[in-house]
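Presented below is the structure to which this report refers.
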Amino acid sequence: MRVLVTGMGGVIGTRVTQMLEARAEVTEIAGCDFMPPRRRLHRATFKRIDPRDRDRLVGFVTEFAPDAVAHVGVYEPDARMGTREAAASTEACTVNALGAAARAGRLERIVVRSGLEVYGRGRGHPLVPDEWAPLLPTTPYGRLCLDVERLAAGIGRRHDVRFGALRCAVVAGSHAPSPLARYLRLPAVFVPAFADPPFALLDTDDAARAFVQALVRDVDGPYNVVGPGAASPWQAVRRGGRVPIPAAGAGWRVAVRVAEVAGAPVPPHVLELLRRGRVADGGRAVTDLGLPDLRPTQSVLDDLFEWATVTRLEPAGREVVA
Amino acid sequence: MTAANYGLDTDRASTADPLLVALRRRAAGRYAVDEFGGDPHLMDLVAPLFPLPVAVEHGERVPDLGPALLIANRGLGLLEPLAVTRAVRRAAGRRTRVVGAPELPIVGDALRTLGTIGYRPDDVAAMLRAGHLAAAPLGPTWFRGGAGAPPRELFVATLGFPVLPVAVRPGFPQNLPGRPWRVRFGEPLGPPPGTRSGDQLAAAELAEDVGEAVTALLADDA
């Protein structure tokens, strides 16, 4: 299997590539992103391409002619780039990479990254949606994820290619760039004054495993991928030893401004998560993707606040020199 | 239960921590939250504050493990779900998630923290898939007297999970002298074997069966 990994430079993309490298049935791996991979890769080919550079991206993908695409290049606003840039890069990457892969003529399957944001959190929406709940996104990132799913599904239908969408909970970890994680790590954190809605998290490695399983198991359709259990803003803030500051109504506008000044911009989908929560029923992914051991949300949350201690090492050979 | 839930089981009721330990635990954020917004630690803490005397009949019919939908008659609306919750806690040592809480700001959020959810059939189905016990009224709310009408749309969404009819008879609240509340559990009911999920006719028949079972339990109790 020849696999193209878009967004290979990100934490998830790099881990997906490492896991694919360990599988015998994957013969060749190629990937691209606007930044280099986070870890060492052994047999994958990486090319640094801005997703908006249509000619280079199309040329690279056409030359590789993949059998399968892991479309990780869906950029969350304020994770590694601003909202507009993330939307433009995601759309360009989806249209150009998937279109070129389909036209190359060997494509059999596509797996795209999506998010639980596609369900929206409007009034009357299900509290814990499964994959067949109505798709009514209420934030720009939710609409972006839904656009990606629709574009990929359209390509899949036109070229008779199987298509899987992984609707991931917030992917978090001590090394993953995430606006929610950055916000929760502030010394004082605004939380809802009169509610404590639940939200789910997903470990970076589990997100990568879901991609690999979806590719090798050749699955079709959408899958909610969420860490078991949930956390809530008040509980998370206390767990991290931060100071909770209750906010309500117009107070959230101030909260968003303050957080932005403090270096943790809060995009609308993160604000919605804090105020209304975001969870989903992930049972289908557990059975169909063979992921019974996903890391629980509380464990991912603990990891978010863990920092490695700096150990002072004595310079080697000091005694010899002396 | 996982180690990451700080020793708390989201399904099985446990003894409340001493006040100081509980406060420390909450200050450190060492408590679990479930996908439905329920806070099991808080549920255990507040349970002793509602000492409703309850007499349980056929408590052995409540499953020790796994999901079940408990369908009870309606009444004044506030104490019936509490009586069912206490009866299940006593019979099987499990928490009950009460269906049909008002979806209002602040009040709804507070009730959800104590283990309730609204009346969306999709959410009740998700709760059962998660392995919880859910207690729903014979109707969209717990209010009004009489057995109530069978909630057919709820049975369509939850078809395949065991259903327990429950009869709740009022007693004297808050330990005043007199009769305790009586909660009687009926035999588990389900659709015929081989029924496909979402089968409207099977759900309608099951709804009728459950409605009749609750009425019969109430008549036996009278």
Task: Occluded residues from the range A:235-282, i.e. those whose accessible area drops by 10 Å² or more once the chain is not alone (1.4 Å probe) - done: A:Q235, A:R238, A:R239, A:V279, A:D281
- [ ] For chain B, find the longest principal axis of its Cα atoms and tell me its angle to the long axis of helix B:200-221, 0 to 90°, nearest 10.
- [x] 80 degrees
Task: Accessible surface of the protein assembly as shown, 1.4 Å probe, proportion on carbon and sulfur as whole % - done: 56 percent
Task: Per residue value of the accessible surface for the range B:3-48 (all protein chains in place, 1.4 Å probe), Å² - done: 43 Å²
TODO: Per DSSP H run of at least 4 residues, take -39500 (n - 2.57); add these up for the protein assembly as shown, divide by its residues and hand me the 222 nm value, nearest 500 deg cm²/dmol.
DONE: -10500 deg cm²/dmol
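Counting only heavy atoms of protein chains, what accessible area per residue, in Å², does the range B:52-221 have with a probe of 1.4 Å?
On the way: 7340 Å² over 170 residues.
Result: 43 Å² per residue.
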TODO: With the convex hull built on the Cα atoms of the range B:52-221, state its orientation-averaged projected area in nm².
DONE: 9.3 nm²
Task: Fully extended contour minus Cα-Cα distance, from A:E28 to A:A188, at 0.36 nm per residue - done: 52.9 nm
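Take peptide A:196-208, look around each residue's Cβ out to 10 angstrom, count Cβ atoms belonging to other protein chains, and average those counts. Display every interim value, and only then the final one.
Working: counts 8, 5, 9, 3, 1, 0, 0, 0, 0, 0, 0, 0, 0.
That works out to 2 on average.
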Open item on the list: Tell me the accessible surface of A:V270 in square angstrom (1.4 angstrom probe, heavy atoms of protein chains only), to the nearest ten.
Closed with: 10 Å²
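Quote the relative contact order of the range B:52-221 in percent (integer), defining contacts as alpha-carbon pairs under 8 Å separated by 6+ residues.
Numbers: 373 pairs, mean separation 51.6, N = 170.
Result for the range B:52-221 is 30 percent.
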Open item on the list: With every protein chain kept in place and ligands, DNA and RNA left out, what is the accessible area per residue of the range A:152-217? Probe 1.4 Å, answer in Å².
Closed with: 31 Å²
Task: Accessible area buried between chains B and A, both sides summed, probe 1.4 Å, in Å² to nearest 100 - done: 2000 Å²
TODO: List every residue whose amide H lies under 5 Å from the amide H of A:R167, counting only residues 5 or more places away in sequence or on a different chain, with H placed 1.01 Å from N in the peptide plane.
DONE: A:S114, A:Y223, A:N224, A:V225
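The values are calculated or read from the model by the stated rules, or taken from the named source; none is laboratory data. All values derive from a computational prediction rather than experimental measurement. Cβ atoms come from the backbone with ideal geometry, glycine included; neighbour counts cover every protein chain shown. Just the protein is used for accessible areas: all its heavy atoms, side chains included, with ligands, DNA and RNA removed. Shrake-Rupley method; radii C 1.70, N 1.55, O 1.52, S 1.80 Å.
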